[in-house]
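Report on the following structure.
What follows draws every value from the coordinates through simple rules; no lab data is involved. Everything numeric in this text was worked out from a predicted model, so none of it was measured. As a convention, Cβ positions derive from the backbone with ideal geometry for all residues, glycine included, and neighbour counts pool all protein chains shown.
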Amino acid sequence: MLKVFPAAIRGALTLLLIILNTAVCSTPLLLLAVVKLVIPGKPVRAALDPMLNGIASAWISFNTALLNASQSTRWEVSGTDALALDHWYLVNCNHQSWVDIFVLQRVFNRRIPLLKFFLKQELIYVPVIGLAWWALEFPFMRRHSANYLQRHPEKRTQDLETARRACARFSIVPTSVMNFPEGTRFTREKQLKQRSPYQYLLRPRAGALGLSLSVLGSQFRSMLDVTIVYPDGQPTFWDFLCGRVPRIVVVVEQLAVPETLCGGDYVADAALRSELQQWLQKMWLAKDAKIAAILAQR
């Protein structure tokens, strides 16, 4: 129905409806979060977390239906067979745009447990949705600059400890731990600044991945390595809302997690860190080649 409107009006209406959907779903979600806060403990969390995740899944379902009604995007998704809601997954993905979040939610909603993202600390202040992320126990990472860490070396392990505590909570009910190893959205400027060896990716960081495997490694059924490609160019969120993204390609590959990477001490074990970084770099080389092959088919 929304497709009949001009792109700008369509985008504004879509955004308004997403905001209204967020407000409606956030009310019961935050009420349940208060109960968790007042009555702490694993039994309460085990009882309430499925309800909280169910509300979030309903929010995603409405957004997906809304976007389907407003867009003519061609979706090419592969590798989502044999997924299950009652397993733990480690999800790894390249990062280019805010659109990535909606893409991942659409692809995995009600196929695997709710995705839990590692977010920048500043996002907790986003009106309404920041509180919703907090209620759903998304971990907020500070990601201090190199200059700040030189002045405050005691803060070097702060994000790692945040990840460790979050993963310990995720062990109670089936969870999909979502990680963007690049840590930020891809741009050519960042690629040049990093001297990235990849054509379409930034250098991956292994910290959050390592902590996830240290705490939950034995519970993960597999890693879902996700590659998102926008063959017609990297879109903005506004482009997406306006229906200006002609085609989205999503390739999901289930990978076995090496047993040697599970359950160890990522912070203290240098050999473990080295093995994990090599595994991730090998994965990134394959992902870079995959993106190049998809773009060559335009």
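Note on Leu31 and Ser171: the model spin-label points, each 7 Å out from Cα along the C-beta direction, lie 3.3 nm apart.
Under the criterion of Cα pairs below 8 Å and six or more residues apart, the relative contact order for the chain equals 25 percent. Straight Cα distances below 17 angstrom link Lys120 to the lysines Lys155, with same-chain residues fewer than 8 positions distant left out. Here the gap between Phe5 and Asp86, fully extended at 0.36 nm per residue and compared with their Cα-Cα distance, gives a gain of 25.1 nm. Here the chain is assigned +1 on the Cβ of each Lys and Arg and -1 on the Cβ of each Asp and Glu. Its dipole about the Cα centre then comes out at about 560 debye.
Rg then Dmax, both in Å and based on the Cα atoms of segment 30-92: 16.4, 46.
Placing pseudo-labels 7 Å out from each Cα toward the beta carbon at Met51 and Gln199 gives an inter-label distance of 5.2 nm.
If the chain linking Ile19 and Asp232 were pulled fully straight, counting 0.36 nm for each residue of separation and taking away their Cα-Cα distance, it would gain 73.9 nm. Helical runs assigned H by DSSP (4 residues or longer) give the chain a calculated mean residue ellipticity at 222 nm of -16000 deg cm²/dmol, each run adding -39500 (n - 2.57) before division by the residue total.
Along segment 181-188 the Karplus relation, 6.51 cos²θ - 1.76 cosθ + 1.60 evaluated at θ = phi - 60°, assigns HN-Hα couplings of x, 5, x, 7, 6, 5, 9, 5 Hz to successive residues, with x for each Gly and Pro.
Among the DSSP helices (H) of the chain, those spanning at least 15 angstrom by Cα along their long axis with an average Kyte-Doolittle hydropathy of 1.0 or more are 7-38; this is a geometric and hydropathy rule only. With the cut-off at 1.5 for a/c, could you classify segment 73-296 from its C-alpha gyration tensor as rounded, prolate or oblate? Since a/c stays below 1.5, the shape of segment 73-296 is classed as rounded. Of the cross-linked pairs Lys42/Lys287; Lys193/Lys282; Lys193/Lys290; Lys116/Lys287; Lys190/Lys287; Lys3/Lys190, those separated by over 27 Å at the C-alpha level are Lys42/Lys287; Lys3/Lys190.
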